[in-house]
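Heads up, the thing below is written out as structure tokens.
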Amino acid sequence: MGLDDINSRITREATRVGRNAADVNLVAVSKVQPNERVEAVLELGHRRFGENRVQEAAGKWPEFKTRYKNVVLHLIGPLQTNKTRQAMELFDVIETVDRIKLAKTIARVAEEIGSCPDLYIQVNTGDESQKAGVAVEELPDFVDECRGLQLPVVGLMCIPPIDEEPSLHFALLAKLAKQHGLEKLSMGMSGDFEKAIAQGATSVRVGSAIFGERVKPAG
Ligand SMILES: *Cc1c(COP(=O)(O)O)cnc(C)c1O
């Protein structure tokens, strides 16, 4: 538990599988955590965080960003089209691009504001009807569309089904990224980030194992 523990587990697993630990970014998922806990992690020098709701992030990160320099904020939850501009102004990375309408809106806003966060495409590797993400068979067309819109797509992201072996989903995501020439892989959470590192994750999203159990449901 805690930031130091997670960092050493990342280093240990990367080393074990012959990777460089510096190639694995830790996204500390601060959603619904009390501000004191987030601040404690900022005080330890950590700067990369993930939030799953635009509204919630907008309520705390502008202030943290003025007090702590070089914060890098990832959006890891679904993005409604009407919040695109707000999200693009607040987040440095958006990991949940998953439909054409959203891709087109991001492209339009990017042109207006003259910048765009790094983007990941979320892939629904488990083909779950209730889950966000592009279906595996639709990914080739979706990547083409995004590239046609000149979007800065850097990688793929997935959230495996809870009742399946995550390694299979991580391996699939790694294969898909390779097929499309995408370098970044956001995969792995508190319970399975070491498996994700073994499958090539360049970014792991860890919440409760750093901050403790969430005090409210994450929604
Ligand atoms: C909440 C969340 C996480 C972190 O979950 P933990 O199990 O607390 O590590 C990672 N990814 C996404 C998309 C999340 O919503």
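The values are calculated or read from the model by the stated rules, or taken from the named source; none is laboratory data. It should be emphasised that the depicted structure is a prediction, and the values quoted were computed from it without experimental measurement. Quick reminder, even Gly has a Cβ in these numbers, built from the backbone with ideal geometry, and neighbours come from all protein chains shown.
Annotations for the structure displayed:
- Among the residues of segment 119-148, those identified as out of contact with any helix residue (DSSP H, G or I) (no Cβ under 9 Å at 6 or more places or on another chain) and assigned to a loop (DSSP other than H, G, I, E, B) are Glu128, Ser129, Gln130, Lys131, Ala132, Gly133.
- Among the helices (runs of 4 or more DSSP H) confined to segment 1-97, the ones with at least 2 residues that are away from the ligand (no atom under 12 Å from the Cβ) and of a type in the set (Asp, Glu) are located at 3-16, 35-43.
Conditions tested, residue by residue: (1) of a type in the set (Lys, Arg); (2) touching a Leu at 6+ places or on another chain (Cβ under 9 Å).
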residue: Tyr68; (1), (2): no, yes
residue: Leu73; (1), (2): no, yes
residue: Pro78; (1), (2): no, no
residue: Thr81; (1), (2): no, yes
residue: Glu89; (1), (2): no, no
residue: Asp98; (1), (2): no, yes
residue: Lys101; (1), (2): yes, no
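Quick grid of which residues meet (1) buried (at least 19 other Cβ atoms within 10 Å of the Cβ); (2) closer than 24 Å to Gly2 by Cα; (3) at pLDDT below 95:
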{"residue": "Leu44", "(1), (2), (3)": "no, yes, no"}
{"residue": "Arg48", "(1), (2), (3)": "no, yes, no"}
{"residue": "Thr84", "(1), (2), (3)": "yes, no, no"}
{"residue": "Ile94", "(1), (2), (3)": "yes, no, no"}
{"residue": "Glu111", "(1), (2), (3)": "no, no, no"}
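- Number of positions in segment 136-195 that are of a type in the set (Asp, Glu) and in contact (Cβ under 8 Å) with a residue 40 or more places away in the chain: 2
- Flag for Asp118 being of a type outside the set (Phe, Trp, Tyr) and more than 25 Å from Gln86 (Cα to Cα): no
- Pairs where the first residue, in segment 27-55, is over 20 Å from Val215 (Cβ atoms) and the second is away from the ligand (no atom under 15 Å from the Cβ) and in a loop (DSSP other than H, G, I, E, B), C-beta under 8 Å, 6+ apart: Arg47/Tyr68; Arg47/Asn70; Arg47/Val71; Arg48/Val71; Val54/Gln80
- Being among the hydrophobic types (A, V, I, L, M, F, W, C), in contact with a Phe, Trp or Tyr (Cβ under 7 Å, 6 or more places away or on another chain) and at pLDDT 95 or above is a description that applies to Val154.
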